[in-house]
Each structure stands twice: as C-alpha cells, then as structure tokens.
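Down below is the structure, laid out as structure tokens.
What follows draws every value from the coordinates through simple rules; no lab data is involved. Keep in mind the model is a prediction, meaning the values are calculated, not measured. Neighbour counts run over all protein chains shown; Cβ positions are idealised from the backbone, glycine included.
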C-alpha cells in the first residue's frame with residue numbers, strides 16, 4: 001500500500017520532519033530515531049571500553065600474586081569497569097532502544113518532548129566524556145562504582161572522584177530527563193484504540209522503568225551532589241568527625257543502586273516478552289499477570305536496598321525485613337518466567353538467533369536468581385559478602401538478565417533499524433561463544449568466592465589454590481570477548497552486505513513491524529488504529545470509532561510545516577488532542593554544553609566558570625522554551641485540527657505539557673525528600689541536635705520570610721484564576737506580586753544566612769541547614785524567572801485567543817504551588833522539628 | 001474525573017441509561033493501593049525496628065512481647081487491612097466493570113487495570129504477610 005496521496009504531499013510532509021543541513025543541523029536534530037541511534041552507539045562504545053577494562057582485570061587475576069598491573073591500577077580498573085557498565089551502558093542503551101521503539105510500538109510520530117530527547121543525549125555524552133576524561137589527566141576514579149565514604153571523601157581520594165561525581169551527575173540528569181519523556185510519551189501519545197490493556201509488554205516495562213528512574217536517579221543525583229559539596233565546599237554530610245554519617249551515603253546510594261539493577265532488568269524482560277511471542281507465534285499467556293509482575297517488581301525493588309548493607313552493623317531485626325523482601329521479589333520474576341514458558345508450551349518456536357538468546361537468558365538468569373535467593377539470607381551473605389561469589393551472582397543476573405536479552409533484541413530489531421538482516425550463521429556463532437564464554441568465566445567464581453577469594457583486591461595468595469579456576473575464568477572471558485566481536489562483525493557486515501530486510505521479516509505482531517525497514521523518519525504517515533494486543537496479526541476489520549477515524553484521516557500526511565502527533569486519554573487511548581512536537585533546535589545541545597562548562601568549573605576549581613556555565617545554560621533554556629510565533633501562526637491557520645475534530649491548545653490533564661510539569665514536580669519533591677531524610681537521619685545518630693552546642697534556630701526572620709513565600713504562591717495561583725476570567729490587570733498585578741514576593745524571599749533568606757553563627761563547614765547540622773536553604777532559594781529563583789517570563793509574554797498576548805499562553809501560565813502556577821509547599825516543608829523541618837521533637 | 005452518573009450516551013445504539021464509570025481515583029487505588037501499603041509497611045517496619053531497638057524500646061514488655069514487636073504487629077495489621085481494602089475495592093469494581101457499558105465504550109482499559117491491580121494487590125498482601133514473619137522471631141527482644 002502506498003503511504004502517500006501525492007508526490008507533493010510526500011515531499012512537503014517529509015520536509016517538515018527533516019533536519020536542517022550541515023553540522024549545525026546535525027547538532028539540532030530532535031527526531032527520536034537518530035537520537036536513539038546515537039544513544040545506542042555511544043552506549044555500546046562505552047560497553048566496549050568497559051569490556052576491555054574487564055579483560056585487563058582478568059589478566060591481572062589469572063595467576064596468584066601477579067604484579068601485572070598492581071593494586072592502584074586494579075582499583076581504577078574495577079571502578080571504571082563497574083561505572084561504565086552500570087552508568088554508561090546498561091541504562092543508556094536500553095533508554096536508546098526505547099527511544100527508537102516506543103514511538104513505533106505505540107503509534108506516535110516522536111517522543112513527547114523532542115528537544116528533551118536531544119538534551120538527554122548530549123548530557124549523557126558529555127557525562128561519559130567527563131568520566132573518561134579522567135584518563136587524560138591521570139586522575140582515574142578508584143573508589144569503586146559505589147564510591148563509599150570515607151574512601152571517596154576529600155581526605156582519602158583525589159581529583160579522580162570529582163571526575164566520577166560530576167560525570168555521574170550529568171549522566172543522572174540525562175537519565176531522569178529520558179525517564180520523564182518515556183513515561184509521558186507512553187501515557188499520552190498512543191494511537192487510537194491502544195488502551196493500556198493493549199500496550200505491548202515492552203512498553204509496560206519501559207513505563208514502570210521510567211517511573212523508577214524518576215525516583216531512583218533523583219536520589220543518586222542528590223547523594224552525589226552532597227558528596228561533591230563535602231569535597232568542594234567542605235560540608236560535613238558524610239564526615240563522622242563533624243557529625244556526619246558514612247552510612248547515610250550507603251543508604252542513599254543503595255536506595256538508587258538496587259532499583260538500578262531492575263531499571264536495567266525490566267526492559268530486558270520486555271524484550272524477552274516481545275521476542276517469545278513472535279517466535280512462539282502465539283499471544284502472551286497471562287498478560288495481566290505479567291503486567292502485575294512488572295508492577296510488583298517496580299515497587300518491591302525499592303524495598304531491598306539494605307541487602308547490600310547486611311555487613312554494616314544494622315540491627316538484625318531491621319535486616320530481616322529486607323531479607324524477606326529480597327526473597328519475595330523472586331516471585332515477581334518467577335511469574336514472568338512461567339508466563340514465557342506457558343507461551344512457548346506446545347509450540348514449535350523457530351530457534352533463530354534472537355530466540356537462542358532468550359533461552360540463554362532464561363538459563364543464566366534463573367541460575368543468578370538462585371544465588372540471589374541464597375545471598376538474600378543474612379547469615380549466608382555474611383559469609384560471601386565481598387567475595388567472588390557476589391561477583392558471580394551479579395554477573396549472572398546482569399549479563400544473563402540484561403545483556404543476553406539486549407543481544408537477542410539487537411538480532412531481532414536491527415533489521416528494522418538498518419533495513420538489513422544480520423547473518424544467521426554469525427548470529428549463532430556469537431550466541432554460543434557468548435554463552436560458553438560467559439559460563440566459563442563466571443561459574444568458577446561461585447567456587448572461588450566460597451573458597452575465600454575476595455573481590456576488589458588485585459591479587460590472592462597461592463595458598464588458596466584457586467589459580468586453576470582463575471585460569472579458566474580468564475580463558476572464558478576471552479571467549480566471551482570473541483562472542484562480542486562476532487556480534488560486532490555481524491553488525492558491520494550486515495550494513496555493508498546484509499540481505500535487505502522486509503518490513504516484517506519475523507512475521508511479528510507489534511506495530512513497529514507494520515512500517516518499512518528502516519522506518520520513515522516520522523514513523524507513521526497515517527496513524528494506525530489498534531484493536532488488539534497483536535495489532536499486526538489482528539488488524540482492525542471494520543470501522544468502529546468515528547472520532548478516531550476522523551482524527552486519523554485528518555492527520556494522514558499532515559500537518560505540513562509543523563510537527564504534531566495525536567495525544568490520547570491515558571487509560572483508553574482515545575484521541576483527545578493534537579500534540580505539537582518541537583522542531584529542530586541547537587538549544588538542547590547548548591544547554592548541555594552550559595552544564596558541562598559549569599561542572600568543569602567545579603572540577604578545575606575555577607569557580608568563576610561555574611556561574612558562566614549556568615547562565616549559558618539558562619540562556620539556552622530560554623531559547624529552547626521561547627515559542628516560535630511563525631509556527632504558532634501556522635498552527636492557528638491550519639485546517640488539520642478542525643478536520644480532526646481535536647483541539648491543539650489544551651490545558652490540564654489533557655495537555656502533554658501538564659504531565660511533563662507533574663514529572664518535574666515529582667523529581668523536585670524526591671530531591672527535597674532526600675534532604676529531609678538526611679536531616680532526620682543525621683539527627684537520629686547524633687548525640688546532640690542541633691550540633692555544635694547550638695539552640696533551636698531563631699524564627700524572627702524565618703517565619704515572616706516563609707510566610708512571604710506562601711503569599712507569593714497564593715499570588716501566582718490568583719493570577720491563574722483571574723487569567724481564566726480574562727481580567728488583565730489582576731492577572732498581571734498578581735504575577736508581579738508573586739515575582740516581587742519571591743525576590744524578597746530570596747533576599748531575606750540570604751540575609752538570614754549571613755546572620756547565622758555557624759557555617760556549613762562547621763558540622764553536619766550546619767551543612768544540612770544551609771543546603772536546604774540553598775535548595776529552596778534555587779527553586780524560588782526559578783519560579784521568579786518563570787513569573788517574569790510570563791509577564792513579558794502576557795504584555796503582547798492576545799487575550800481570549802486560543803494559544804499556548806494558557807498552558808504556560810498554568811504550568812507556572814503549578815511550579816509556584818510546589819515551591820510554596822517546599823517552603824512550608826523546609827520551614828517545618830528546619831525551624832519547628834527540633835523545637836517540637838527536641 | 002470522579003465516579004458520577006453521566007447522562008451522555010455514545011452513539012452505539014445502546015439504550016439510554018446512565019453510564020457509571022470507574023473514577024480515576026478508584027483506578028489508582030486499585031492499581032497501586034497494595035504497593036503503597038507494602039511500601040509504608042516496609043519503611044515503618046525498618047524505621048521502628050532500627051530506631052526502636054537502638055533506643056531500647058524493646059525493654060518494655062507486655063504480655064511477653066516487647067514494645068517494638070507490638071508496634072510492628074500493629075503496623076502489619078494496618079498494612080494488611082489497607083491492602084485488603086484495595087483488593088476488595090478492585091474486586092467490586094471488577095464485578096461492576098465487567099457488566100458495565102463503559103467497559104465497551106472505553107475499550108476495556110479500566111477493566112484491564114482493575115484485573116492487573118487485583119492480581120498485584122493479592123500479591124502484595126502475600127508479600128506483606130511474609131515480610132512480617134521476622135517479627136515473630138523477635139517477640140522477646142531485639
């Protein structure tokens with residue numbers, strides 16, 4: 001079937017979606033497909049680097065008492081290997097895969113916020129370059145991928161840890177923005193008929209993973225910020241000598257660290273579900289059970305973190321709950337595995353490369369799960385903690401549970417991305433090399449660990465008599481490396497000489513297989529209407545929803561001149577509006593660059609560069625968010641919305657932007673919650689509070705200051721109310737009031753801080769007191785700037801005319817609401833808690 | 001959107017009767033109610049166990065059970081009740097939604113979420129129950 005009504009329409013529509021030419025055009029790309037490819041290629045490049053580091057580690061460990069590399073270099077290797085794999089490969093690669101596939105699977109033309117996709121990529125790239133920039137100056141991080149204090153604190157580590165922290169902060173920001181995008185896109189941009197009950201399982205896993213990222217990555221972002229403050233500014237969050245607490249870091253890190261492994265694992269299970277269904281030629285058995293299991297996993301993964309801390313001296317009673325939860329999460333994984341087995345049962349699946357990797361995954365991951373249940377038991381873990389038994393377990397679950405599905409997924413979807421089939425023979429070779437190499441490498445590590453070989457130690461004594469196991473493991477690692485090489489050769493060979501791929505070479509069931517290989521840059525010329533969980537196998541036979549058909553018809557090959565997709569009701573998938581997609585812009589790249597400059601200022605201790613970078617980033621953000629008046633004019637004059645019977649300018653839950661702001665507020669709320677948690681944690685383990693012999697903080701300045709903030713929030717809300725009544729003067733007046741009151745709050749807060757008789761460096765109490773204040777000041781500043789921007793735009797606004805202004809004012813009001821609430825929380829914690837609970 | 005009687009009828013030829021929809025609030029409770037109950041159970045259990053034991057609350061014993069254990073048992077009962085309530089809500093909504101017109105109109109999305117939520121809530125009930133087993137090993141003291 002031809003997708004296009006005429007050549008002219010085809011050209012005009014394609015032109016709408018192509019990027020500007022030249023290098024600047026390449027930097028301005030916002031389409032999901034090229035950005036997703038960049039994510040995956042960059043992540044895979046880091047994977048190769050991390051793999052080389054692993055091979056070097058194996059060479060060091062091959063023989064006992066080897067001095068091939070030495071302890072210092074070994075520490076750097078395992079730090080960078082772990083950090084690369086966990087931060088720069090696993091999640092970014094899966095995010096990249098999702099960025100490519102999700103719009104295709106749900107029937108959307110792009111992600112919800114295309115410029116944020118671009119920002120996410122550039123921030124990820126710059127973060128990774130900061131990590132590896134440490135090699136150039138010989139300051140390679142060496143405190144492990146978990147960077148426990150005090151080893152990672154200012155006293156015991158050097159510049160390498162600053163590279164680690166700042167690079168990681170950029171990577172976390174990239175992850176959070178991508179997570180927000182994926183959640184909002186899946187909830188709001190689905191094709192007509194794709195209710196949540198018909199969502200592909202991969203999309204379900206990405207949806208839950210996105211929510212997990214929003215919570216988990218924000219916690220780590222705050223933790224790394226606090227540690228960097230300890231190192232750069234001299235705060236005392238983690239310094240026990242000054243009232244800080246080293247375990248606070250571990251709690252915060254592992255609260256991220258355990259969900260992190262499920263953030264990598266869940267999308268991998270989504271890949272498995274998609275592939276198993278295709279090769280079994282049968283719809284997934286127990287779909288509601290699988291979705292429930294995904295939800296269970298997402299929740300329970302946040303309740304396991306202390307099983308990484310069994311040996312830290314926490315009360316056994318408390319540990320027992322984590323042990324129970326750690327055992328229970330196996331139930332959720334088990335539900336999925338049994339669902340796959342049930343799906344395959346009685347079928348004759350075609351055992352091509354993708355399916356081989358799925359079988360390999362089940363075998364390896366189940367073994368990893370067995371050892372997981374073992375180490376969930378506290379007394380057993382006390383024996384094997386910090387031994388190679390744990391190394392074996394984590395690699396079985398991560399390589400088996402994540403990498404094998406990823407490789408299978410690559411064999412499955414690369415034909416769609418590139419339009420070329422991979423070679424099946426090379427695919428089987430790479431599978432068997434990977435499978436055999438993996439088991440040779442990591443199975444002996446169970447025994448090595450039980451025999452006492454410690455992890456993170458560069459060598460071991462000959463008396464342990466485990467040299468033979470290590471020789472086998474090293475040999476296995478090179479076979480595994482050969483397997484990866486085979487896959488890489490297969491990929492490049494396919495690009496050059498691969499057989500052209502059909503649209504649906506696997507005869508699969510999901511929507512991405514309904515478009516050409518490779519897909520057009522805009523994904524869909526005509527939006528599909530979905531009537532089943534297997535839309536390609538069971539397409540719509542008769543027209544049933546007139547409104548959906550009308551919307552689809554109106555949007556076929558259009559609009560031209562501005563980018564748009566259909567936005568839906570989150571549960572039913574019924575089209576509700578037309579969502580305008582942002583066009584190409586270099587602003588995301590420039591904003592990421594500004595952040596990089598700011599972070600480099602901290603890294604080099606040229607602190608004057610920090611505000612320069614932040615201002616640069618802020619200016620890029622203004623450019624990013626500034627509406628394009630020409631585009632707005634085109635939208636207003638377009639006939640597409642009228643023909644579709646759908647509005648363009650919407651507010652509230654109908655608006656995609658509303659969901660984006662809610663996500664931002666959730667992230668900000670989690671960040672504040674981390675600070676609140678840190679406050680009470682430090683208090684609980686401190687012999688006196690406030691520390692330093694201080695009394696409860698005075699409220700003479702604080703109380704009126706925080707009341708001002710509440711008033712400012714009220715004024716912002718009032719401006720929204722009056723705007724809706726189209727009353728110009730009250731709207732503008734209240735916005736001015738909000739901005740002025742906010743600015744006054746900032747001034748008074750800064751004044752208050754000059755009157756304290758303690759500094760943030762004096763003790764942990766001082767640190768948390770000041771940092772909570774700075775956090776609030778930063779957010780109020782952002783809110784004041786937003787109010788100011790709205791004032792400027794409202795001066796030229798055409799009142800009563802539909803436009804994007806209504807939504808923007810609503811979002812500004814929502815943000816002010818959060819800021820006011822945050823002010824109340826900060827006041828309660830800092831000024832009231834010690835009085836009331838003291 | 002709240003649970004209201006909606007007199008609007010879609011053009012499906014169905015008889016004109018009020019359409020009762022599952023409100024988004026009930027859907028949310030159905031879907032995540034059990035999870036939220038589980039999360040609060042775990043957090044409170046860990047906080048009470050850690051801080052209560054460190055603070056020596058287990059020195060207070062009533063009917064042979066220490067105060068920390070009593071508090072944890074109370075938290076467990078509340079969490080199980082909350083989870084059970086979410087499960088019952090889900091069950092009732094499932095019974096209603098299966099028969100309701102809007103299940104067809106909205107394409108079965110709410111019914112599916114209710115089904116998945118029901119499974120999840122039952123699972124969370126089981127998980128909370130298992131997670132409370134350690135309490136019985138620390139009834140005397142921490």
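Things worth noting here:
- Pairwise centroid distance, computed over Cα atoms, of the range A:247-304 with the range A:626-672, Å: 31
- Summarised in one figure, the compactness ratio Rg/Rh of the range A:654-765, Cα atoms and Kirkwood Rh, is 1.10.
- Calculated log₁₀ intensity ratio I(q)/I(0) where the Debye formula runs over C-alpha points of the range A:406-463, q = 0.18, 0.28 Å⁻¹: -0.72, -1.13
- A Förster radius of 45 Å combined with the Cβ-Cβ distance from residue A:753 to residue A:793 puts the calculated FRET efficiency at roughly 0.85.
- Mean Cα-pair separation over length for chain A, i.e. relative contact order, pairs under 8 Å, 6 or more apart, %: 16
- Virtual paramagnetic centre 7 Å along Cα→Cβ of residue A:432, amide N under 17 Å, in the range A:482-501: A:482-487, A:490
- Compactness check for chain A: Cα Rg over 2.2 N^0.38 Å is 0.96.
- Spin-label model, residue A:451/residue A:835: points 7 Å from Cα along the beta carbon direction are separated by 6.6 nm.
- Label point at residue A:370 placed 7 Å out along Cα→Cβ; residues across the range A:438-463 whose backbone nitrogen lies under 20 Å: A:438-452
- Working from label points 7 Å from Cα in the Cα-to-Cβ sense, the residue B:96 to residue A:634 distance is 4.7 nm.
- Averaged over A:291-298, number of beta-carbon atoms from partner chains that fall within 10 Å: 6
- Over the range A:1-154: Rg over Rh, Cα atoms, Kirkwood Rh: 1.15
- Shape index of the range A:103-195: Rg/Rh, with Rg the Cα radius of gyration and Rh the Kirkwood radius from the inverse mean 1/r over Cα pairs, equals 1.20.
- Neighbouring Cβ atoms from other chains, within 10 Å of the Cβ of residues in B:134-140, number 3 on average.
- Compared with the direct C-alpha span, the chain from residue A:538 to residue A:721 gains 61.1 nm at full extension, assuming 0.36 nm per residue.
- Quarter of the Cα convex hull surface for the range A:142-285, i.e. its orientation-mean projected area (nm²): 10.6
- Computed from the C-beta positions of residue B:88 and residue A:707, the FRET efficiency with R₀ = 51 Å rounds to 0.70.
- Inter-label distance, nm, simple model (7 Å from Cα along the C-beta direction), residue A:156/residue A:52: 3.1
- Sorted fewest first by neighbouring Cβ atoms within 10 angstrom, A:100, A:357 come out as A:100, A:357.
- Sorted ascending by nearby beta carbons within 10 Å, beginning with the fewest, A:448, A:222 become A:222, A:448.
- Cα-only Debye scattering, the range A:282-376: base-10 log of I(q)/I(0) at q = 0.12, 0.16, 0.24 Å⁻¹: -0.49, -0.76, -1.24
- With contacts taken as Cα pairs under 8 Å and at least 6 residues apart, the range B:21-142 reaches a relative contact order of 42 percent.
- Expected 222 nm ellipticity per residue - DSSP helices of 4 or more, -39500 (n - 2.57), all of chain A, to 500: -22500 deg cm²/dmol
- Sorted fewest first by neighbouring Cβ atoms within 10 angstrom, B:133, A:792, A:329 come out as A:792, B:133, A:329.
- Once the Cα-Cα distance is subtracted from the 0.36 nm per residue extended length, the residue A:12 to residue A:136 segment shows a gain of 39.9 nm.
- Given R0 = 41 Å, the distance between the Cβ atoms of residue B:78 and residue A:653 translates into a calculated FRET efficiency of 0.85.
- Gain upon complete extension [residue A:345, residue A:497; 0.36 nm per residue less C-alpha separation]: 51.1 nm
- Normalised contact order of the range A:1-123, rounded percent, pairs of Cα under 8 Å and 6 or more residues apart: 35
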